[in-house]
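Any read-out appearing in this document is the output of simple, stated calculations on the displayed coordinates, not a laboratory observation. Everything quoted here is computed from the prediction, not taken from an experiment. In this analysis, Cβ positions are derived from the backbone assuming ideal geometry, glycine residues included, and neighbour counts consider all displayed protein chains.
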Amino acid sequence: MQSSIDFNEVEQLKKQFETRALKREDADRLWKKLRLEWNFNSNHIEGNTLTYGETELLLIFDRTVGDHTKREYDEMQAHDVAIHKVREWAQDNSRELQKAIFGN
């Protein structure tokens, strides 16, 4: 098991990824899937009982079903806001975090 990071390899993989532009609709689909998985799994680990389908209904369609507490719906929505903020920060080349991760 390798324990050190080969930054040259990471840089090469980053360049390969950047040259393979996704179609807009594919990028949107990928983002939707990542967003739902991240929200559902993170909140589920913490004990939130919304199902994957209920999570999608809440975050994508702004609707609710089921017999859950308001706290569970609020948790899911607050986590989604945090995910959007992280995504916004990651796209901002002037942020220190983005510079540290991508070397820009």
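Per-residue Cβ neighbour counts within 10 Å put Leu13, Leu57 in the sequence Leu13, Leu57, beginning with the fewest. Share of pairwise Cα-Cα distances greater than 18 Å in segment 23-102 is 47 percent (whole percent).
If you look at the Cα atoms of segment 32-72, you get an Rg and a Dmax of 9.5, 26 Å. Whole-Hz Karplus values for segment 37-47 come out as 4, 4, 4, 4, 5, 4, 6, 4, 4, 7, x Hz, taken residue by residue from phi with 6.51 cos²θ - 1.76 cosθ + 1.60 and θ = phi - 60°; glycine and proline positions read x.
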